[in-house]
Structure formats: C-alpha cells, structure tokens
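Everything below concerns the one structure shown next.
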Amino acid sequence: MKKLIIFPIYFFITLAAFCQSLEKDNLLGLHVIDVKLNPGVTMDQFKSFFVNEVLPVYEKQWIGLKGHLVKSVRGEYKDKFAIIWVFANEPTRDFYFNETGPNQRELDALDKVKPIEAKLKEKYGTYTVHYQDDWVVQK
C-alpha cells in the first residue's frame, strides 16, 4: 500500500523537475561568485540558506526573475559557484537597467534585499560577485 502512494508522488515530482526548461528569448545572466565562510560554517549551510532564503527574496523583488545557484565541476572555474539569473526576456531585464546601469527600480529592489543579505553575512558568510555576460536563448 505504501508503494502505491509513494510511486505516484515520486513520478509527478520527477516529471515536474524535467518539465522546467528555458524558453526562446529568456535572458540569462551569469555571475561567478567567491564565497568566504564565517568560522564554523560549512559550505552546505551557506548553500542551503542561499537557495532557500536569499534567492526567493530576490525573485520576489524582481518581476520575471528566477535564480539558480550552480557549481562548476571542471574547467577554468572548477569548484566555483555561480548564480544564473533567468529573466523572461530582455525587456524584463531592461525594466531594471538602462544603458548606463541600474535604474531606480533596480536600486529600490536592491534596498529590499539588504535585510536577507545582512542575515546571510552575519550567520554564514559573504560572497563577491563577478559579472560575466548576459545571454539570450535563441531556440
């Protein structure tokens, strides 16, 4: 009986995970990060807080934004982390940025995430962002 209940749940969770994909015109921003942990804090603790607490606050403040924490497994950035920001499209990103940089909407959103960033810094550590490039999905 237990297997009859668990299998459908597992099936739908797995199906939902594979149904998420990039769409044409999504804009991807890649930001490599350097993490400096506080004493006694593990990387797993930092990652858990970042994924479960920090990213959702960012997603709430920026319309049409989804964040993903990723880790490189080989190459130049082996064992480094990055954040992939996915905007619905370029106009969605441009809602927060103009040709010279952030606009007032971006600055206002950044102010609203300061408390969760302060909590991250106090309890777990800091991270430095190295902006790479923006990419637009073609197909």
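The values are calculated or read from the model by the stated rules, or taken from the named source; none is laboratory data. This is a predicted model, so every value here is computed, not measured. Using ideal geometry, Cβ is built from the backbone for each residue, glycine included, and neighbour counts are taken over all protein chains shown.
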- If we ask which residues in the stretch 65-100 are in a strand (DSSP E or B), within 20 Å of I33 (Cα to Cα) and without any contact (Cβ under 8 Å) to a residue 40 or more places away in the chain, their number turns out to be 7
- Note on the structure: Reported set for the stretch 28-60 where residues are part of a helix (DSSP H, G or I), without any contact (Cβ under 8 Å) to a residue 24 or more places away in the chain and polar (S, T, N, Q) is S48, N52
- Message: Report every pair of residues separated by at least 6 positions or lying on different chains whose Cβ atoms are under 8 Å apart, first residue within the stretch 108-134 and part of a helix (DSSP H, G or I), second modelled with pLDDT of 95 or more and charged (D, E, K, R).
- Response: I116/E53; K119/E53; L120/E53
- Query: Which of the residues belonging to the stretch 115-135 are surrounded by 12 or more Cβ atoms within 10 Å (Cβ to Cβ) and polar (S, T, N, Q)?
  - Reply: T126, Q132
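Looking only at residues that are of a type in the set (V, I, T) and surrounded by 13 or more Cβ atoms within 10 Å (Cβ to Cβ) in the stretch 71-114, which one is farthest from the chain's Cα centre (by Cα)? Talk me through it step by step, then tell me what you get.
Looking only at the stretch 71-114, we keep the residues that are of a type in the set (V, I, T), and these are 73, 83-84, 86, 92, 100, 113.
So of that shortlist, the ones also surrounded by 13 or more Cβ atoms within 10 Å (Cβ to Cβ) come out as 83-84, 86, 92, 113.
Working: I83: 5, I84: 5, V86: 8, T92: 16, V113: 13 Å.
Filtering the stretch 71-114 for residues that are of a type in the set (V, I, T) and surrounded by 13 or more Cβ atoms within 10 Å (Cβ to Cβ), the one farthest from the chain's Cα centre (by Cα) comes out as T92.
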